[in-house]
Amino acid sequence: MATRSSGFSRTQTSRGNSCKNIFNKIRQGQIKGVGLTRGSQFPVALLEERDKRAQWQGIPVLLRRLHESSHPNSDLSKIHSMVMELSSLLSMEAMSFVTEERKTPQESISPNTYTFDLFGGVDLFVEILLRPTLTVQGDLPILSDDLIKDCLSILYNCCICTEGVTKSLAAREDFVTFLFTLMSNKKVFLQTATLIEDILSVRKEIIQLEEIPNLASLVQSFNQQQLANFCRILSVTISEPDVGVDDKHTLLARSTQQKTSTCLSRAESNQVTLVNIPGFIERLCKLATRKVTEVADASARLELEDWHSWLDNALVLDALMQLAIEEAEQSSTESSDESSLSSSPLRHRLPQSMKIVHEIMYKVEVLYVLCVLLMGRQRNQVHRMLAEFKLIPGLNNLFDKLIWRRQPSGHVLHRQNQNCDCSPEISFKIQFLRLLQSFSDHHENKYLLLSGQELNELSDIYLNANVFEMDALNNTDRNLVCDGKKGLLTRLISVMKKEPIDSSFRFWQARAVESFLRGTPSYADQVFLLRRGLLEHILYCIIDSGCKSHDVLQSYFDLLGELMKFNIDAFKRFNKYVNTEEKFQMFLTQINSSLVDSNMLVRCIVLSLDRFESQTKDVKVVEVFSECRLLSYMAQMENRLSFLFRLTSIINVQTLTQENVSCLNTSLVILMLARRRGKLPFYLSALQEKEYAEKYPGCLLNNFHNLLRFWQHHYLNKDKDSTCLENSSCIPFTYWKETVSVLLGSGRSSRCAIASYIDETERTLFTSELGKRHLNTKSEFTFLNF
């Protein structure tokens, strides 16, 4: 018995090893490029014998037969039955992968898909699809639409179930290009688009759209449904790759990268390509503003959050809708009895409001593409098109019935570059708000967000205040503004005031409204929003609501700064709301809790204080100035110095980002205003004294000196950034440059130069310490050379 047992064990081990040997031989052949590289090279008898033990479900044998039947010039119509048999073996694993909590390929058990890939199935199916393009002589092999669909579906199943398949397909430029051309076939569009999206998402390099044959004709041939789905693919091609959360986000790293690469990136080049396709932007505007018939029965509305777990994207929903339509057509031909149609299993699975969900998913993709194009180098050209094709009035008409028709639950905050797994309706709202932000930001077309009646209100505000209207308001084409009494901006403020205090939308809503105010301060714009109770609502959120989100608070600080800047009426309203010392101290606590978040508001107060101090003959200004706690607080020099010291302490050249560079500019504003009044030496001397009091002599001023050297390099070569600084502060950019030059002066005799307040020993020690940290190693900037 012992001998038998031992013999049985050796036999089982031998059989197991023989199966592993086949795997190993194929893998080694694929890696080295010699020997056996696919299962079809093994004898059928061997494959059949091993199949029973390894439980390969006959996949290797099927692939071998398929290979033998799909050689060049063969009749490919005869292979469809084998493809369908393979598809049935793989589809269940793909369905399990999608429905079981979206597991990664490493965690998912997909033996059939793994076997299919190991025995060369992926390469074989790519060859089959490409066969018509590779045949030079004789009649071209014909692939039926159904055969193409099944081949594409099998490849997609392999991509989601087996690690490495997607990357291997992405590396084949010929296959990727072929897939784009295949989208011209309407009957296989969905399957093709789904696979392309998966492939492009893992490519190291963004594909260049201009290299796609006849791209313009291809895009123009799409119907509206296909164009909307194509936008999902385009989003990968026009967005810059995410650089992650490391030091690549710093302005120093970006500046170095821009210096080494002066040409357009692939994403930027693709944006140019798309904008120049005739009719492309117009069709996107029509898609974005297309109306949807509401479902009469409110109880039948689809709870998107429940469905999101398996309705992954608009492409999947397309397929479901297509099945529902086909099933309805089939049922209607078989029986005129409506009860048989309503009892259809699929119709029970799909809610009546699916059409609304379908449209929402489309609009998410379309709005994203428009938003990216609005932020690109063709911004002005895109702006003109969006205005001409009435995007904003169209969105205004959809606002109540579709965009903000109800409140989704359970949403969390997502920042600008943060990946999320939101429901379609939440994603739709966020994309809508991002589009408004991009549309309004520093552009005269922002007045298209208003109605004709609201434009008249703005004109009356200017007239009553005896102030000249801004050219942008005068130049607004009233045929392109919002219809009705309320424009998009007013509707947005209304829902913003009703939003739950912990809602993620508050961040995006505040950003969208703030973008309307950015640029040169407009008294009428501010009063228009003040009349709608915006300032009181913001102060409630900051002081009384218990809001803890840094992101939301930052967005409210920024909005409050733009709303109050140079506006004495706003400061009067502020003082009326913050009418107790307790409230005022709570407000200061929120500001001081994070200066990176609140520094733009600090800048607004400092700038406004400086202007009001020069308006001593204005009775209204003098009255408000004498009563306002906020102005009185900032009028005390020790408080301004405290802000200056902290602002220059929390940043350095190596940690500067787009998020915190405003701290540097706010510091400069304080010093520029001090220079205007001849008090710059006093401020620098106070910083020196603060250094010694903190027992860090030379550290702060050395750091600030380096920051200003970087400021020169960063802003003197950027027209847009310098214009923004000038417009928002109402200080000529020439004065910004002069002040920085004065502060960086090398003469130690000048009391306005930072160098005069740093001892030689302190400078040497600081330079040595920076050298140890490699802060100036191999840098293109010579920050430490005074």
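The values are calculated or read from the model by the stated rules, or taken from the named source; none is laboratory data. The shown structure was predicted, so the numbers you read here are calculated from the model rather than taken from an experiment. Cβ coordinates were reconstructed from backbone atoms using ideal geometry, including for glycine residues, and neighbour counts include every protein chain displayed. Note: areas computed on protein heavy atoms with side chains; ligands, DNA, RNA excluded. Shrake-Rupley method; radii C 1.70, N 1.55, O 1.52, S 1.80 Å.
Of the residues in the stretch 497-516, at least one is assigned to a loop (DSSP other than H, G, I, E, B), open to solvent by 10 Å² or more (accessible area, probe 1.4 Å) and touching a Gly at 6+ places or on another chain (Cβ under 8 Å). One residue alone among D471, D477, D502 is free of Cβ contacts under 8 Å to residues at least 40 places away in the same chain and of a type in the set (D, E), and that residue is D471.
The set of residues in the stretch 482-493 being open to solvent by 10 Å² or more (accessible area, probe 1.4 Å) and either part of a loop (DSSP other than H, G, I, E, B) or in contact (Cβ under 8 Å) with a residue 60 or more places away in the chain (or both) consists of D483, G484, K485, K486, R491. Any chance you could count how many residues in the stretch 156-165 are polar (S, T, N, Q) and assigned to a helix (DSSP H, G or I)? Residues in the stretch 156-165 being polar (S, T, N, Q) and assigned to a helix (DSSP H, G or I): 1 in total. Candidates S184, S168, S255, S235: the one that is in a loop (DSSP other than H, G, I, E, B), open to solvent by 10 Å² or more (accessible area, probe 1.4 Å) and modelled with pLDDT under 95 is S184.
Reported count of residues in the stretch 607-631, each being hydroxyl-bearing (S, T, Y), outside any loop (DSSP other than H, G, I, E, B) and surrounded by fewer than 20 Cβ atoms within 10 Å (Cβ to Cβ), is 1. One residue alone among N702, N660, N665 is in contact (Cβ under 8 Å) with a residue 60 or more places away in the chain and in contact with a Leu (Cβ under 7 Å, 6 or more places away or on another chain), and that residue is N665.
The residues listed here are S91, S153; of these, the one that is of a type in the set (S, T, Y), farther than 18 Å from I199 by Cα and modelled with pLDDT of 70 or more is S91.
This table checks each residue for (1) under 24 Å from E613 (Cβ atoms); (2) part of a helix (DSSP H, G or I); (3) polar (S, T, N, Q).
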| site | (1), (2), (3) |
| --- | --- |
| Q654 | no, yes, yes |
| L664 | no, yes, no |
| S667 | yes, yes, yes |
| L671 | yes, yes, no |
| R675 | yes, yes, no |
| P681 | yes, yes, no |
| A686 | yes, yes, no |
| Y692 | no, yes, no |
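Out of L707, L630, L716, L725, one residue alone is within 24 Å of I605 (Cβ to Cβ), touching a Ser or Thr at 6+ places or on another chain (Cβ under 8 Å) and touching a residue at least 12 places away in the same chain (Cβ under 8 Å). It is L707. Kindly indicate whether S598 is small (G, A, S), closer than 21 Å to V669 by Cβ and open to solvent by less than 10 Å² (accessible area, probe 1.4 Å). Judged against the criteria, S598 is a match. Among the residues of the stretch 194-228, the one identified as small (G, A, S) and over 17 Å from F280 (Cβ atoms) is S201. Looking only at the stretch 458-473, residues that are under 36 Å from the mean Cα position of the chain (by Cα), over 15 Å from R531 (Cα atoms) and surrounded by 12 or more Cβ atoms within 10 Å (Cβ to Cβ) come to 4 in all. The lone criterion from (1) among the aliphatic types (A, V, I, L, M); (2) farther than 16 Å from E659 by Cβ; (3) buried (at least 22 other Cβ atoms within 10 Å of the Cβ) left unmet by L530 is number (3). Going through the stretch 382-420 one residue at a time, which ones are polar (S, T, N, Q) and modelled with pLDDT of 90 or more? Listed by number, the residues that qualify are N396, N397. With respect to the stated conditions, S69 fails to be open to solvent by less than 80 Å² (accessible area, probe 1.4 Å), modelled with pLDDT under 65 and farther than 21 Å from T192 by Cα.
Checked against (1) of a type in the set (K, R); (2) closer than 24 Å to T723 by Cβ; (3) assigned to a loop (DSSP other than H, G, I, E, B), K446 passes all but condition (3).
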